[in-house]
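Asker: Structure in structure tokens, see below.
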Amino acid sequence: MARFPRPSTPRSLYTLYTSPSKTTPSHSHTHSHSHSPTAALLLLRHFSSGSLARAASKDEKEPWWKDSMSRLRNIGISAHIDSGKTTLTERVLYYTGRIHEIHEVRGRDGVGAKMDSMDLEREKGITIQSAATYCTWKDYQVNIIDTPGHVDFTIEVERALRVLDGAILVLCSVGGVQSQSITVDRQMRRYEVPRLAFINKLDRMGADPWKVLNQARSKLRHHSAAMQVPIGLEEDFKGLIDLVQLKALYFHGSSGEKIVAEDIPANMEALVAEKRRELIEAVSEVDDKLAEVFLNDEPVSSTELEEAIRRATVARKFVPVFMGSAFKNKGVQPLLDGVLSYLPCPTEVSSYALDQSKNEEKVTLSGTPDGPLVALAFKLEEGRFGQLTYLRIYEGIIRKGDFIHNINTGKKVKIPRLVRMHSDEMEVVKG
């Protein structure tokens, strides 16, 4: 196997090295070894021993690994600087139980946001290098790469987008679509990444989500529509109305952890009906199944609308727009629900490699854990842990002690240990 054709930037690709004679000790000395990385990041999935044991069963209609893969999301969070991206990521980690305290950017409390691990990041309040973590939300595993928003660190965004299945583009409800918003969105389009938009900072003076939505349509050429209507703006921002489920959502508790669903306020019913119709019309333009229901003037159920939005988003024909204020702890949980409902799992994204042994014949990668390992080393990092190699696994399984073959150098590399990264912390992968 060789390079993936989708991105144009160079990168390392690894496949599993299998010795033809494992019982011959001298065999390993006939190959030149490269220095082993001290750790590798599993970004695609981690099968439990229980799910691996199911591989022996032949009774299942679907492959044993399909259910595990369907409950996986590989996403990135990107934005123009000062759009509230790091604050949003901090809330995501808190609500999913990944962290147990909320800390703010710039290290005002002496700690700083979890995903900003460098001293300079916490001092300046900006993200300089991409950071990886993972969390669980409603029995789904969500792998997250938090990327920089400053134009000087665009290459970090580029590295991350090569290996993502979906993304969240964060926009400021005051600043709107800015220069780096355009750059990041162009990168997402180049790498064919389905995305959601999140209009943040609805509590700020001058917040105008409808202006920002129109900017996204004109400047980013998004075919998009609002998924929610805010209940009040600026200092009167109280909650959101879900246009799919037609419920008003309020966020209670000291950190907005308790969501209360109520009926839509009577004075907002007309606006909600108008915006829901706009949403249905926008999705109908790119989804034939929903268009048939809409053109027949039949009522559109929440299930029909949700399924149509998912089809259109995965096909990159539609960008759902969510709203909220991460700093005020409003709107983050519905956005997480949107990640599960509308962004693709790995098997819904087309990935393929080129087989160098067969004149670069295109090979479709199905995501199966059976067979040789196919992975992309998308980031190398030297730090206090030594050399870290960040991997996106496309097929196969990697275990501690495996030898993997670097296609670019022709060398084999032994994996001494496997870890998952949680910003600047390592968690050893067992099994």
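Asker: Going through the cross-link list Lys85/Lys275; Lys275/Lys328; Lys85/Lys328, which pairs have a Cα-Cα distance over 18 Å in this structure? List each step's numbers first, then the result.
Answerer: Numbers: Lys85/Lys275 26 Å; Lys275/Lys328 24 Å; Lys85/Lys328 13 Å.
Going by Cα-Cα distance, Lys85/Lys275; Lys275/Lys328 fall outside the 18 Å limit.
Asker: Now for a different question. Would you please put 96-104, 218-226, 310-318 in order of how densely packed they are, using the mean number of other Cβ atoms within 10 angstrom per residue and starting with the highest?
Answerer: 310-318, 218-226, 96-104
Asker: Separation between the Asn296 and Leu271 pseudo-spin-labels, each 7 Å from Cα along Cα→Cβ, expressed in nm?
Answerer: About 3.4 nm separates the two model spin labels.
Asker: Please go through the range 363-395 and write out the trypsin sites (Lys or Arg not before Pro) that DSSP classes as loop and that have at most 11 other C-beta atoms within 10 Å.
Answerer: Those satisfying the criteria are Arg384.
Asker: If you take the charge dipole of the range 72-344 about its Cα centre, with +1 on Lys and Arg Cβ and -1 on Asp and Glu Cβ, which of Phe198, Leu164, Gly84 is farthest toward its positive end?
Answerer: In the range 72-344, that residue is Leu164.
Asker: Something else: Report the full-extension gain for the segment Asp337 to Val363: residue separation times 0.36 nm, less the Cα-Cα distance, to one decimal in nm.
Answerer: Details: separation 26, 0.36 × 26 = 9.36 nm, distance 3.33 nm.
Gain on stretching Asp337 to Val363: 6.0 nm.
Asker: Considering only C-alpha atoms, what is the centroid distance from the range 297-356 to the range 387-431, in Å?
Answerer: 30 Å
Asker: What FRET efficiency would be calculated for the residue pair Glu381, Asp355, taking the C-beta separation as r and a Förster radius of 30 Å, to the nearest 0.05? Numbers along the way, then the final one.
Answerer: Numbers: r = 30 Å, r/R0 = 0.99.
Calculated value: 0.50.
Asker: Filter Lys247/Lys289; Lys211/Lys379; Lys362/Lys430 down to the pairs with a C-alpha to C-alpha distance above 32 Å, please. Don't jump to the answer; show the numbers that get you there.
Answerer: Working: Lys247/Lys289 25 Å; Lys211/Lys379 37 Å; Lys362/Lys430 34 Å.
Distance filter (> 32 Å) returns Lys211/Lys379; Lys362/Lys430.
Asker: Further question: Suppose each label sits 7 Å from its Cα in the direction of the beta carbon; what would the Tyr250-Glu235 distance come out to in nanometres?
Answerer: A separation of 2.0 nm, rounded to one decimal place.
Each value in this text was obtained by applying a stated rule to the coordinates, not by laboratory testing. Nothing here was measured: the structure is a model prediction, and the numbers come from that model. Quick reminder, even Gly has a Cβ in these numbers, built from the backbone with ideal geometry, and neighbours come from all protein chains shown.
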